[in-house]
Amino acid sequence: MGGAPGGPGGRAAGDPCGEGGAVAGDGAADGVRAVPVEPGSPWFGPGPRARGGAGTAGPGPSGPRTFAERYPAHTPLPVTAPHPAPLRGAFRPVTIRTSRDAVAAAAGYLRWLGFRDVVQPEERPASGVDLRAPGLVAQVDPSTRPAGLRAVECLWLNGLTSATVSVFFSLAGYTPEARSRADEIGLPLFALDLTGTPQPVNPAAEALAAGDA
């Protein structure tokens, strides 16, 4: 994909996460050692480490400004999803043996949180979204590699374009860049264990699990 006009990096309009992506820092500036950076979505620019690391005051190698830096005004998404009931029964996990089990476990957990009509598209779209519900898009990564920066950014962009809550589930956790970006944009990250019980791994996920999102 690529080459079609209408979107950043030559992508067609409405396709925020086509193939390819911006790679930050193609070499070392005078007297500055290049820092390996996990590529992200072209909408955001380089990963957090390209700017000296999340929460680091010291300057890092120069690079394109991030999406958040270019648009500092934070406009929260409208809360269209129902709040979980304050009193609910214990969550019943689904033991994960296959990728389908991982998706089923995530779907069951979202229903337990209070989302209704959670369904999986018949065919997995190019966006990578595995689950949808009114006011919700969710992605489930059942692979053995930590979910990366680009996957987190793409899910958030898909939720942003449809004004829905975005939630990510991963069986192998997340890269440091992915976790840092999720904290910047307030995207809930959950880690699945083999018992099928999602565990929140960032403040946004903790708030969602507590019914405060």
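The values are calculated or read from the model by the stated rules, or taken from the named source; none is laboratory data. Not measured: the values here are computed from a predicted model. Heads up, the Cβs are rebuilt from the backbone with ideal geometry, glycines too, and the neighbour counts pull from every protein chain shown. Side chains are part of the model used for accessible areas, which takes the heavy atoms of the whole protein and leaves out ligands, DNA and RNA. Shrake-Rupley method; radii C 1.70, N 1.55, O 1.52, S 1.80 Å.
Details
- Inter-residue pairs, beta-carbon under 7 Å, first touching a residue at least 60 places away in the same chain (Cβ under 8 Å) and in the stretch 111-123, second part of a loop (DSSP other than H, G, I, E, B) and surrounded by fewer than 17 Cβ atoms within 10 Å (Cβ to Cβ), 6+ apart: GLY114/PRO82; GLY114/HIS83; GLY114/ALA85
- Residues that are within 23 Å of ILE96 (Cβ to Cβ), part of a helix (DSSP H, G or I) and open to solvent by 30 Å² or more (accessible area, probe 1.4 Å), drawn from the stretch 195-213: GLU206
- Residue within the stretch 173-180 that is of a type in the set (S, T, N, Q), at negative phi and not in a loop (DSSP other than H, G, I, E, B) present: yes
- LEU160 being open to solvent by 50 Å² or more (accessible area, probe 1.4 Å), of a type outside the set (D, E, K, R) and part of a loop (DSSP other than H, G, I, E, B): no
- Any chance LEU192 is closer than 14 Å to CYS17 by Cβ, touching a strand residue (DSSP E or B) at 6+ places or on another chain (Cβ under 7 Å), crowded, with 24+ Cβ neighbours inside 10 Å and in contact (Cβ under 8 Å) with a residue 24 or more places away in the chain: no
- Checking GLU153 against (1) buried (at least 16 other Cβ atoms within 10 Å of the Cβ); (2) under 19 Å from TRP112 (Cβ atoms); (3) of a type outside the set (S, T, N, Q), the condition it does not meet: (2)
- When the residues of the stretch 135-150 are filtered to those that are small (Gly, Ala, Ser) and surrounded by fewer than 22 Cβ atoms within 10 Å (Cβ to Cβ), the one that is nearest to ALA105 (Cα to Cα) is SER143.
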